[in-house]
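Scroll down for the structure; my scribbles are underneath it.
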Amino acid sequence: MIVISFGVRKSGSTLAFEMAKAVLELNGHPQTRLVDGLVEPGKKVNAVARWTDERLERLVDATEGAWVVVKTHGTPDRLSTGALFELLEARKLCIHVVFRDPRDTVLSLLDHGARSRAKDRATLNQIVTVDDAVAKLRSDLSALRRWGTYPSLKLLYDDFAFDPERGPKLIADDLGMTVDPDAVWDAVNARRTKRNVAQPHRYRSEMSAEDAARIEAAVPNYLRLAEHHDLGWFQAVG
């Protein structure tokens, strides 16, 4: 079973991925690093940037009889819809998608951009202004929608990041497993040496009303998804 864990950048995708890893490990499925080529070279975790039918087929074959979670920010646009549905129906694949209030995502993108520039790193260092962050978010949303059109576990960041029981139980239930939420958090926290500002609704105290309004105007339907769990967004066009 391949578990694809997707989220737009700075939406809590790493936490969801680590939580899925912990659930699997606690149920007797060690998460060993797969070979380069199946996953991205140089990454410490199993991650895939670009998806093709051939790559997914190789991953499924290489992990037959095992349960492995793979992190991705990449789009499924090059994957055959029919093949994906066949794998999902055969329980050889499942998909988790993470979404988050766009105003908090923008703040996190700005934080990451500032850290990258301070340390002379390339990742997201071009994110300087709110407009930069909004543009990056909008460019990533199409991939989120595409993954979410398939049968998948939809995870709202505020639900699984700040409720000590809800996140582990949502993921374990989706995988047909049982788990002790405290054990999941212990495993996650032991690995998370780097974390962002772990606070819900940061925008309320850290963002101007003008910036919040600009973001709301830029992604109104995605905001409704985050605020009201309106999953119809995943099926919408445009």
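The values are calculated or read from the model by the stated rules, or taken from the named source; none is laboratory data. Computed from a predicted structure; not experimentally measured. Quick reminder, even Gly has a Cβ in these numbers, built from the backbone with ideal geometry, and neighbours come from all protein chains shown. Remember, those area values only see protein heavy atoms, side chains included, never the ligands or the DNA or RNA. Shrake-Rupley method; radii C 1.70, N 1.55, O 1.52, S 1.80 Å.
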Output wanted: per-residue J couplings in Hz (rounded whole) for the range 72-81, from phi through Karplus 6.51 cos²θ - 1.76 cosθ + 1.60, θ = phi - 60°, x for Gly and Pro. 8, 10, x, 8, x, 4, 8, 8, 6, 4
Rg to Rh for the range 97-143: what is it, with Cα atoms only and Rh by Kirkwood? 0.98
Quick check: convex hull of the Cα atoms in the chain, volume per residue, rounded to a whole Å³? 126
Which Rg and Dmax, in Å, describe the Cα atoms of the range 1-54? 11.7, 30
Can you tally the net charge around Ala187? Count Lys and Arg as +1, Asp and Glu as -1, for every other residue whose Cβ sits under 13 Å from the Cβ of Ala187. -2
Can you list the residues, at least 5 places off or on another chain, whose amide H is less than 5 Å from the amide H of Leu156, using H built in the peptide plane? Phe99
Express the carbon and sulfur contribution to the solvent-accessible surface of the range 23-85 as a percent, rounded to the nearest whole number, probe 1.4 angstrom. 51
Low-density loop positions, GluC sites (Glu not before Pro), the range 59-89 - DSSP coil, at most 13 other Cβ in 10 Å: Glu64
Taking θ = phi - 60°, what integer Hz values does the Karplus form 6.51 cos²θ - 1.76 cosθ + 1.60 yield along the range 90-101, in sequence order, with x for Gly and Pro? 7, 6, 9, 8, 9, 10, 10, 10, 10, 9, 8, 3
With label points built 7 Å along Cα→Cβ from the Cα atoms of Ala83 and Ala114, find their separation and express it in nm. 4.4
Each residue of the range 180-185 in order: what ³J(HN,Hα) in whole Hz does its phi give by Karplus 6.51 cos²θ - 1.76 cosθ + 1.60, θ = phi - 60°, with x for Gly and Pro? 8, x, 4, 5, 4, 5
Per residue, how large is the accessible surface of the chain? Use a 1.4 angstrom probe and give square angstrom. 48
Could you work out the per residue convex hull volume over the alpha carbons of the range 47-120, in cubic angstrom? 134
Sorted by chain and number, the residues with a modelled amide H under 5 Å from that of Val70, at a separation of 5 or more or across chains, are Val3, Ile4, Ser5
